[in-house]
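One structure below.
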Amino acid sequence: MAAQSDMEALQAAWRALAGGQEESGWRTIPVNVHAPFMLLAGRRMPGGEEAVLVGFRNIRRIPDSHLPQGHGFEVYRLPTDPTGGHRLLLALARRTGGSPELFTMMAEDIVRLLNTSTVVEEGGILQRFLARIRAWQDFMDRHKEGVLSSEAELGLFGELLLLQRMIEAGGPPGNILDAWQGPLDGLQDFVFGPGGIEVKTTLSAGGFSVTVSALEQLDEGLCHPLFVAAVRLALDDSGVTLPAQADIIRDRLQGNLAALETLEVRLIQAGLLKTVVERYTRRFKRVSDTILPVKGDFPRLTRANVHPAIRKARYEIDIDLSGATDIGLSCALEILGVI
């Protein structure tokens with residue numbers, strides 16, 4: 001977590017810059033200076049929208065097409081350096097009407113990323129800055145409230161639990177995190193080359209009814225080999241919360257900075273924000289998880305077995321009644337070439 005003084009300095013600077021100027025332009029205050037970049041708090045006048053500005057000494061140009069735009073924020077290059085330092089300055093600014101609360105969450109995460117980065121090369125810092133903003137862009141495209149629904153909370157916990165189990169089984173953490181497509185609304189939650197694993201999670205003690213969101217999701221003709229990971233959880237005071245499960249994985253990735261950075265991006269894309277972790281109070285305990293091959297007579301709807309007039313379908317199946325045999329996670333990972 002970023003030093004508290006960093007965020008206090010940013011928010012204090014925004015307060016100091018508020019009001020007092022009607023003409024168009026920028027008002028800025030440096031809040032931290034690192035070689036080779038400068039971090040400033042700013043307000044864009046006359047509207048007074050908050051901004052975080054990052055200045056680079058040696059990067060001279062960046063195509064506008066590389067600058068992400070999102071709901072409630074924008075990123076753009078300032079034509080001149082308002083500090084007179086002849087730096088290239090990129091502004092992450094709240095748009096008029098954008099949520100101040102959500103923008104503050106985003107700014108806090110960006111400040112934390114920049115001030116804890118061990119990368120000292122300008123190009124690497126710029127890439128991390130833009131990649132983290134794109135993660136927020138993905139988040140804002142998918143989530144409106146800033147807090148996951150109960151159903152999404154349960155589903156993400158199941159994915160994180162399986163991610164932990166794959167690392168414990170000997171899977172390379174970086175490869176597993178790169179394969180994690182659930183936060184990106186992928187058809188399968190984990191994609192390894194041509195194959196994948198779809199995670200389904202339930203709290204039900206009897207039966208395992210799950211929703212399949214598309215005809216393509218359990219189509220082994222499109223993704224092969226394909227497995228369903230059926231994760232059964234229970235609510236229990238001895239269990240762990242969703243944020244605590246994320247922390248378990250962070251602990252396992254200590255020393256692997258690239259994997260940790262990918263994890264943080266995926267968590268933002270999934271909608272799990274550090275600024276609202278206290279909102280997640282349910283404690284989940286693992287009851288069981290089974291790995292079922294999707295092949296043969298596994299019950300599913302695909303384009304090959306429905307009438308051509310059916311263009312889309314969303315349906316439920318009871319995995320307990322599928323008749324499929326658990327092959328175990330290690331076996332599935334071997335078949336997928338992960339271990």
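The condition (being buried (at least 22 other Cβ atoms within 10 Å of the Cβ) and either farther than 30 Å from SER65 by Cα or in contact (Cβ under 8 Å) with a residue 24 or more places away in the chain (or both)) is satisfied by just one residue among LEU148, LEU222, LEU160, LEU235: LEU160. Scanning for something charged (D, E, K, R), in a helix (DSSP H, G or I) and surrounded by 19 or more Cβ atoms within 10 Å (Cβ to Cβ), does the stretch 111-130 turn up at least one residue? Checked the stretch 111-130: no residue is charged (D, E, K, R), in a helix (DSSP H, G or I) and surrounded by 19 or more Cβ atoms within 10 Å (Cβ to Cβ).
CYS223 fulfils the conditions (1) outside any helix (DSSP H, G or I); (2) modelled with pLDDT under 95; (3) under 25 Å from PRO173 (Cα atoms); (4) not hydroxyl-bearing (Ser, Thr, Tyr) except for a single criterion, (2). A count restricted to the stretch 67-81 and to residues that are touching a Lys or Arg at 6+ places or on another chain (Cβ under 8 Å) and either within 14 Å of GLY42 (Cβ to Cβ) or among the small types (Gly, Ala, Ser) (or both) stands at 4. Filtering GLU278, GLU264 for residues that are of a type outside the set (A, V, I, L, M, F, W, C), modelled with pLDDT under 95 and either in a strand (DSSP E or B) or surrounded by fewer than 17 Cβ atoms within 10 Å (Cβ to Cβ) (or both) leaves a single hit, GLU278. Taking the criterion of being assigned to a loop (DSSP other than H, G, I, E, B) and under 13 Å from ARG266 (Cα atoms), the residues of the stretch 166-191 that qualify are GLN181, ASP185, GLY186, ASP189. In the stretch 306-328 there is no residue matching the filter, namely being surrounded by 15 or more Cβ atoms within 10 Å (Cβ to Cβ), at positive phi and either of a type in the set (A, V, I, L, M) or in a loop (DSSP other than H, G, I, E, B) (or both). Scanning the stretch 242-272 for residues being small (Gly, Ala, Ser) and within 20 Å of SER149 (Cα to Cα) gives a total of 4.
Figure legend. Inter-residue proximity from the stretch 181-203: first residues charged (D, E, K, R), second residues in a loop (DSSP other than H, G, I, E, B), beta-carbon distance below 7 Å, spacing 6+ or different chains. Indicated pairs: ASP189/GLN181; GLU198/GLN188; GLU198/ASP189; GLU198/GLN217; GLU198/LEU218. Checked against the criterion of being under 19 Å from ALA131 (Cβ atoms), charged (D, E, K, R) and not in a loop (DSSP other than H, G, I, E, B), the candidates ARG232, ARG250, ARG286 yield just one match: ARG250.
The values are calculated or read from the model by the stated rules, or taken from the named source; none is laboratory data. All figures in this text were calculated on a predicted structure; none of them were measured in a lab. We place every Cβ from the backbone using ideal geometry, glycine too, and count neighbours over all the protein chains shown.
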